[in-house]
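Down below is the structure, laid out as structure tokens.
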Amino acid sequence: MSFIDFAPTFLELTGVDESSSGMQAITGRSLSPILRNESQSRRQSILIGKERHDIGRPDDGGYPVRGMVQGSYLYIANFAPDRWPAGNPETGYLNCDGSPTKTLLLESRTNTEMNEFWAWSFGKRPKEELYNIILDPACMNNLVKDDEQANRIMHMQGELFARLRHEGDPRMLGRGHIFDEYPYADKRTANFYNRYMAGEKLKVGWVNESDFEEGPVE
């Protein structure tokens, strides 16, 4: 089951023909057989991805990720591992809402006995990740440097990238920058990082003031 299956499911259940729906070409398949308790062939893999979901990085940049779940394994390609996954520390890790848990994790960054918890939650990610999601459902043990997994990584990356190229993903065609260039809709917080770092007083209601680090973090 994949997100791309929702549209064909809704169209079928509402009796709307795909050709007259006005939608772009549909790549998913209807889930109605499952709803009718009928058998349906299983996919061998599912693609996942992320681009921009937040503000708080320079120039409103996102965090581009593509991945694939195949069997017991999850393979992830991080296209910008130099960026902060949850947003820059100096602008409050804005992709994570403020909470007592977040406060505790951020405080652990400077605690040598606990800073691994900060790294797991907010630290930068490697370029590639591989996890056995059956044995390691929390994805804590990255197998990408395990020599025994080299063939699996090569195969999963090859299939992932081939499918993305076939689907015309700009990230695979040298045009990934277009995702970062779409203007942010809310002008009150658009270009937040640049404006905040230039001294403009900006408020966001979903994080605590204590979430903002005093300066860039290495």
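The values are calculated or read from the model by the stated rules, or taken from the named source; none is laboratory data. Here the structure is a predicted model, which means the values were calculated and not measured. Cβ coordinates were reconstructed from backbone atoms using ideal geometry, including for glycine residues, and neighbour counts include every protein chain displayed.
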Checklist entry - Restricting the stretch 176-207 to residues that are of a type in the set (K, R) and in a loop (DSSP other than H, G, I, E, B), which is surrounded by the fewest Cβ atoms within 10 Å (Cβ to Cβ)? => result K201
Checklist entry - Does V207 meet the test of being at pLDDT 95 or above, closer than 30 Å to E107 by Cα and β-branched (V, I, T)? => result yes
Next on the checklist: One residue is enough: does the stretch 89-107 have a residue meeting the conditions assigned to a helix (DSSP H, G or I), within 17 Å of the chain's Cα centre (by Cα) and not polar (S, T, N, Q)?
Outcome noted: no
Checklist entry - Is the stretch 66-78 home to any residue that is closer than 23 Å to N191 by Cβ and either at pLDDT below 95 or assigned by TED's automatic domain parsing to the domain that holds D146 (or both)? => result no
Item to check | Set E51, E12: member being touching a helix residue (DSSP H, G or I) at 6+ places or on another chain (Cβ under 6 Å) and either closer than 24 Å to Y182 by Cβ or in contact (Cβ under 8 Å) with a residue 60 or more places away in the chain (or both) | outcome: E51
Checklist outcome for this item: Going through the stretch 208-218 in order, the residues found to be outside any loop (DSSP other than H, G, I, E, B) and either among the hydroxyl-bearing types (S, T, Y) or touching a Gly at 6+ places or on another chain (Cβ under 6 Å) (or both) are S210, D211
Next on the checklist: Checking the structure you have, find out if any residue of the stretch 40-48 is small (G, A, S), surrounded by 17 or more Cβ atoms within 10 Å (Cβ to Cβ) and touching a residue at least 40 places away in the same chain (Cβ under 8 Å).
Outcome noted: no
Next on the checklist: Condition first: at positive phi and more than 25 Å from the chain's Cα centre (by Cα). Can you find one or more residues in the stretch 9-16 that meet it?
Outcome noted: yes
Next on the checklist: Out of S30, S72, S2, I need the residue that is surrounded by 14 or more Cβ atoms within 10 Å (Cβ to Cβ), under 27 Å from M140 (Cβ atoms) and touching a residue at least 24 places away in the same chain (Cβ under 8 Å). Which one?
Outcome noted: S2
Item to check | Scope the stretch 142-171; condition exposed (fewer than 12 other Cβ atoms within 10 Å of the Cβ) and under 16 Å from K50 (Cα atoms); matching residues | outcome: E167, G168
Checklist entry - Can you tell me which residues in the stretch 127-152 are part of a loop (DSSP other than H, G, I, E, B) and either touching a helix residue (DSSP H, G or I) at 6+ places or on another chain (Cβ under 6 Å) or hydrophobic (A, V, I, L, M, F, W, C) (or both)? => result I133, I134, L135, A138, C139, M140, L143, V144
Checklist entry - Among the residues of the stretch 35-49, is any within 30 Å of Q149 (Cα to Cα), within 23 Å of the chain's Cα centre (by Cα) and part of a loop (DSSP other than H, G, I, E, B)? => result yes
Checklist outcome for this item: Of E128, E116, E167, the only residue that is under 16 Å from L74 (Cβ atoms) and under 22 Å from the mean Cα position of the chain (by Cα) is E128
